1. Looking only at region 127-160, how many residues end up being surrounded by fewer than 17 Cβ atoms within 10 Å (Cβ to Cβ), in a helix (DSSP H, G or I) and under 15 Å from the mean Cα position of the chain (by Cα)?
2. Residue 26 versus (1) in contact with a helix residue (DSSP H, G or I) (Cβ under 8 Å, 6 or more places away or on another chain); (2) modelled with pLDDT under 95: which is the lone unmet condition?
3. Identify all residues within region 118-146 that are closer than 21 Å to residue 36 by Cβ and in contact with a helix residue (DSSP H, G or I) (Cβ under 7 Å, 6 or more places away or on another chain); write none if there are none.
4. Those residues that are more than 17 Å from residue 16 (Cα to Cα), out of contact with any helix residue (DSSP H, G or I) (no Cβ under 9 Å at 6 or more places or on another chain) and not in a helix (DSSP H, G or I), I need them from region 39-66; list them, please.
5. Looking at region 1-37, which of its residues are part of a strand (DSSP E or B) and under 16 Å from residue 110 (Cβ atoms)?
6. Consider region 95-125. How many of its residues are outside any strand (DSSP E or B), crowded, with 16+ Cβ neighbours inside 10 Å and without any contact (Cβ under 8 Å) to a residue 60 or more places away in the chain?
7. Going by the structure shown, is residue 154 in contact (Cβ under 8 Å) with a residue 40 or more places away in the chain and touching a helix residue (DSSP H, G or I) at 6+ places or on another chain (Cβ under 8 Å)?
């Protein structure tokens with residue numbers, strides 16, 4: 001099993017939105033960065049990912065999702081009416097992929113970006129590297145376990 005972090009702006013699509021979908025499952029479309037796309041292509045059904053809210057008042061990890069379907073062509077790239085349209089991508093030669101994700105659980109309290117940056121064990125995490133703005137990225141087992149420990153501590157310390 002591999003671990004990932006997937007970012008979304010909560011005003012566009014939040015973990016609560018995913019939780020409210022039929023079967024708590026939705027496709028993760030609109031990724032238009034080659035490195036992020038390649039990471040999605042490496043995802044396997046059953047892999048787990050942190051659901052990260054970005055570009056919001058409190059950016060951070062808000063829960064856990066599962067990869068419900070491995071990468072397949074993203075048809076939003078072929079729709080001129082879609083904001084993710086890419087004229088270079090065609091059904092015959094798709095450039096962009098998406099995966100399906102399924103809600104697993106929401107954190108009682110998010111593990112904030114500020115807290116992640118303060119954690120010595122996470123100094124090498126892609127999320128905190130200068131210039132890393134990827135919306136999809138791998139997470140090591142050590143990083144995964146560290147964030148889960150931070151979540152337990154955040155949930156047990158509500159005044160912090």
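1. 1
2. (2)
3. Once the filter is applied, which keeps residues that are closer than 21 Å to residue 36 by Cβ and in contact with a helix residue (DSSP H, G or I) (Cβ under 7 Å, 6 or more places away or on another chain), region 118-146 yields 122, 125, 127, 128, 132, 134, 135, 136, 137, 138, 143.
4. Once the filter is applied, which keeps residues that are more than 17 Å from residue 16 (Cα to Cα), out of contact with any helix residue (DSSP H, G or I) (no Cβ under 9 Å at 6 or more places or on another chain) and not in a helix (DSSP H, G or I), region 39-66 yields 43, 44, 45, 46, 47.
5. Of everything in region 1-37, those that are part of a strand (DSSP E or B) and under 16 Å from residue 110 (Cβ atoms) turn out to be 5, 6, 7, 8.
6. 6
7. Yes.
The values are calculated or read from the model by the stated rules, or taken from the named source; none is laboratory data. This one's a predicted model, so the numbers in the text were calculated from it and none came from an experiment. Every residue, glycine among them, receives a Cβ derived from its backbone with ideal geometry; neighbour counts consider all protein chains shown.
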